[in-house]
Each structure stands twice: as structure tokens, then as C-alpha cells.
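Notes for the one structure printed next.
The values are calculated or read from the model by the stated rules, or taken from the named source; none is laboratory data. On a predicted model such as this, the values are computed, not experimentally measured, just so you know. Every residue, glycine as well, gets a Cβ built from its backbone with ideal geometry; the counts of neighbours run over all protein chains shown. We work out accessible area using only protein heavy atoms, side chains counted, and drop any ligands, DNA or RNA first. Shrake-Rupley method; radii C 1.70, N 1.55, O 1.52, S 1.80 Å.
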Amino acid sequence: MKKVFLPLLSFIVLLSSGICQAQEARKLRVLVLTDIENEPDDAQSMVRFLTYSNQWDVEGLIATTSVHQRNRVAPERIQRIVQAYGKVRNNLLLHEKGYPETDYLLSRIKPAIPKYGMDAVGPGNDSEGSEHIIAVVDRKDDRPVWIPVWGGANCLGQALWKVRQTRTPEEVEQFVSKIRVYTISDQDDAGPWIRKTFPTLFYIISPGFHARGGYHYSTWRGISGDGFTRGFDGADSNLVNNRWLDENIRKNHGPLGAEHPHTDFIMEGDTPSFLGLITNGLSDPEHPNYGSWGGRYELYTPRTRKWFLEPETRPIWTDTEDEVVGIDGAWHNSNKATIWRWRQAYQHDFAARIDWTVKPYKEANHPPMAVLKHANQLRVKSGEKVVLSADGSTDPDGNSLSYEWIYYREPGTFESNRPLEIQDNRQKSAFLTAPKVTQPETLHVILAVTDNGKPALTRYQRVIVTVFP
Ligand SMILES: [Ca+2]
Ligand SMILES: [Ca+2]
């Protein structure tokens, strides 16, 4: 019998996406440090965080100080919000599985020492919080521990200080290698000390301060910045103001939504530290430069560091820009845009989850499943037609789906003066022609699948196309 060869339509090599899927199946370990009560926004972020708590192994919720709240920690406020979660957990479970037991979450709430910054790092400063961080990182588990820092970093500083005092350099390095930090700027003097003392620690920070001739606005402000300064003009403030939050989160949405307080300054300034940890097909937490709902960050070395950074002597993940069209129809090149470009999707997603806390399954919306008919990684040659297909995407509510193929220029290595066009970019199937290159280059294409439920929800797939000459 003759061997039958399937015709090769192109040089596209379909790489197995099995590794990616296996990683997705393993929950991320997350441990939050929060200066909750310094202003309302930490409590706001805690409400949102808990609606996603089924996606992660929540390892700790630690109450800390910060420059805004120097002599107080407020674990009781975290407890109150978790108690509200306890009242709606059964309803959340009607919509997705895996929401942790209320008692389990309560047992993970720990206080740090109510002292400011480096005053709480050193002999005699161990706390329930710092000891808990050590225990969590030490646990026999090869997954890293993600630590979003919503206030000061001194509780993490004390944990690292103690480990350094009591272990060999190799053991310290092993400990540090398991930690992934994202701090919302530096909110005490422990952050700079940690970065200097542990130069290999994975660290994302978006600084914000007055500098030569102006103010550098942190990336995290993109979560809800509303046009009071440059860089937000393209963002839709109607999705983050108190009116929207009252209507979609706080009022008539049960006890957890009711714990989302009125905004004093900006909505949820700390939320970008964990938005990138949400499994939605867009984010890849180990690659902050890929971009996610939590923004996009580049790894800078001392040689390439930017003017707004302190003189860092180590590599650090920090601010970079995306160029996007805003709701005003104009192009914006902004670090804040790396977050606000996704604003409708992350706000709608939050609103749907708050619906889940009170509504039966049939009355709420659930996100679609964005599916690729091919692998997430494609290898092609210059000039080749690259076919992209979302065939197989579905929605659990039977909603109809719309498709968008977004060329995400910034994370790729390919540079060109002309924009790369994706043909049929609003269709289920689209294609592009691989550009001319002189060396292997990467292109990132994002598939966004949006349903027509209320609120409309979006999920993603990322296609990384490597183009060979
Ligand atoms: Ca905070
Ligand atoms: Ca749906």
C-alpha cells in the first residue's frame, strides 16, 4: 500500500501548544501585601481580587504600612471584605468552580509590623506577615510566588532580611528565585533596599515622581486615569467613575460589591499589580513585555535605563509605551495606554463577576472561549501568507461572537515604518503576509473574541509568528 502524504499548503510549522496549556492548568500562587485603609482604593482592589480568587492559589493577604499609613496596619478591613465574600461564595460557585473556602482565606490574613519602611527591617522585626512569607516561599512547590505590593514593601524586606541572615548565599539565591514582585511605585524605602540587596529578584515597578521639568505618571494610573493629565485623553473615563461603579458594582449587587467604597482619588490604583495574573489568554506573567490587562513593562539594564528611574545597578522591569488609537480617534503613545487600551474588557469582566455574586447562571454572562485552529507559535518565511483562524471559538451562554485580530507591534522584534496589515481583521479567519526580514523576527498577533452578552466579555489568544528570511 502506498504511503499517503498530506499536501503541505505552506511552510507553517505547527508547534505544539501543549506546554502552554499545561501551565495554564496550574494555578498561580499569589500573596498580596496591602496598606489597606490608607485610602479607599485598596479595599476596592480587594473586592475585585476576591472575585478572581478561584483562578489562583491565594497564599496570603498581608496588611502592611506605607508612606501614606506609617504606624498602622488594618487586617480587620481585609477580614470584613472576606466575610462579605463568604456571603456570596455559594453563588459564585454557580458560575465557576474553585472559589476557596472563606475560612481558608481568613486563615491567610496576616498583619505586618505597624512601623514605617526600613524601621521594620532588621533584628526584632519578625511579624506574622514576614514569617508567613518565608513559610509560603519555602513550601515544597516548584511554582513561583507572585507578590503584588499595594503599599510599602517592608514586610517582604523583613522576610528577605531574615533569610539572608540565617542561610547560605546559595540558599538565599534559591529563595529569591521563587519570588515575583510587582510594586505599585515605591511606597516606602524598603523597595529600593530590596532591589539593591537582592539584585536577581524578579521585580516590576512603575515609578511616579516629580523629575526634570515635569511629573512622570506611573503606568498603573492607566487603570482609571481620567484625562486630568496628558496620556489619558484616549481612555474612556465613563467606565471607571463613581457613577459606573455605583451602577455596576456597589448598589443592588449584593454584599461583596457593597464593600467597594466610593473613590476618593482614583479607582483601584493597586489593581494593575494583579490584573496581569488573570488567565484570559492575553497575559503571560513570566513575560511582562508581552502586555496584559495589567499593562506592559520592559526589562531595562543599567545601560538602557530611562531618565525617570533612580540609578539602578540591576536589571528591572519598568515603564514602556504602547501606541494605540483612543476613543477620541487619535493615536496615543503612552505608558498608561498599555493598561487603558483594555479598559472596557477588564471593567466588563469585573462587572460580570459581581453579577455572579448575586445572579443565577442563566441571568449572568460568562466569557467566551477563544480558540485557535492552529498553534500559538507559527514559523513562516518572508512573503508567505499566514492564515489565522479562530474557528472553534465558543460561548457557554450561546452568545454570538465577534472577532478582532490585533497586530500588537510593541512586544515583537520586527520593526517597520509601515504598519503591518492584517486582512479581514474583523473576521473569524484573517491573514497577513509575512514581511521581508533580514534575520528571524517575531510578530505578536492578538485574537480578541467578544460575546454579545451583558456586559460583553472578551477572551484572547496570542499568536507569535516567527518570520525567517
Ligand atoms: Ca495601596
Ligand atoms: Ca457569554
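A few comments on the model shown:
- Any chance GLY124 is more than 16 Å from ligand 2 (Cβ to nearest atom), touching a Ser or Thr at 6+ places or on another chain (Cβ under 6 Å) and of a type outside the set (S, T, N, Q): no
- Cβ separations smaller than 7 Å between residues 6+ apart or across chains give the following pairs from the range 406-424 residues that are assigned to a loop (DSSP other than H, G, I, E, B) to residues that are of a type in the set (Lys, Arg) and open to solvent by less than 50 Å² (accessible area, probe 1.4 Å): GLU410/ARG296.
- Tabulated pairs, the range 31-44, first assigned by TED's automatic domain parsing to the domain that holds LEU106, second open to solvent by 10 Å² or more (accessible area, probe 1.4 Å) and among the hydroxyl-bearing types (Ser, Thr, Tyr), C-beta under 8 angstrom, 6+ apart or interchain: PRO40/THR263; ASP41/THR263; GLN44/THR263
- Any hit, the range 60-73, residues being of a type in the set (A, V, I, L, M, F, W, C) and either part of a helix (DSSP H, G or I) or within 16 Å of ligand 2 (Cβ to nearest atom) (or both): no
- Hits in the range 67-117 (condition: touching a residue at least 40 places away in the same chain (Cβ under 8 Å) and either in contact with a Phe, Trp or Tyr (Cβ under 6 Å, 6 or more places away or on another chain) or among the polar types (S, T, N, Q) (or both)): GLN69, ARG70, ASN71, ASN91, LEU92, LEU94, HIS95
- Within the range 28-37, tally of residues that are crowded, with 22+ Cβ neighbours inside 10 Å and assigned to a loop (DSSP other than H, G, I, E, B): 2
- Scope the range 79-125; condition open to solvent by less than 20 Å² (accessible area, probe 1.4 Å), closer than 30 Å to ALA352 by Cα and in a helix (DSSP H, G or I); matching residues: ILE81, VAL82, ALA84, TYR85, VAL88, LEU92, LEU105
- The range 425-458, residues that are part of a strand (DSSP E or B), within 16 Å of ligand 2 (Cβ to nearest atom) and over 16 Å from SER389 (Cβ atoms): THR450, ASP451, THR458
For every residue, the table says whether it meets (1) in a loop (DSSP other than H, G, I, E, B); (2) within 16 Å of ligand 2 (Cβ to nearest atom); (3) under 25 Å from THR357 (Cα atoms).
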{"residue": "ALA235", "(1), (2), (3)": "yes, no, no"}
{"residue": "ARG243", "(1), (2), (3)": "no, no, yes"}
{"residue": "ASP246", "(1), (2), (3)": "no, no, yes"}
{"residue": "THR263", "(1), (2), (3)": "yes, no, yes"}
{"residue": "GLU268", "(1), (2), (3)": "yes, no, yes"}
{"residue": "ASP284", "(1), (2), (3)": "yes, no, no"}
{"residue": "PRO302", "(1), (2), (3)": "yes, no, no"}
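- Lone unmet requirement of (1) under 13 Å from the mean Cα position of the chain (by Cα); (2) open to solvent by 10 Å² or more (accessible area, probe 1.4 Å); (3) within 27 Å of HIS95 (Cα to Cα) for ALA258: (1)
- Of all residues making up the range 302-328, the number that are open to solvent by 50 Å² or more (accessible area, probe 1.4 Å) and either among the aromatic types (Phe, Trp, Tyr) or modelled with pLDDT under 90 (or both): 12
- Single residue of GLU410, GLU441, GLU363 found to be among the acidic types (Asp, Glu) and farther than 25 Å from PRO288 by Cα: GLU363
- Residues of the range 451-469 that are more than 20 Å from TYR290 (Cβ to Cβ) and of a type outside the set (D, E, K, R): ASN452, GLY453, PRO455, ALA456, LEU457, PHE468, PRO469.
- Flag if GLU298 is assigned by TED's automatic domain parsing to the domain that holds GLY151, at pLDDT below 95, under 24 Å from GLU415 (Cα atoms) and surrounded by fewer than 24 Cβ atoms within 10 Å (Cβ to Cβ): yes
- Note on the range 143-230: enclosed strands (runs of 3 or more DSSP E) holding 1 or more residues that are modelled with pLDDT under 95 and more than 18 Å from the chain's Cα centre (by Cα) are 209-211, 214-216.
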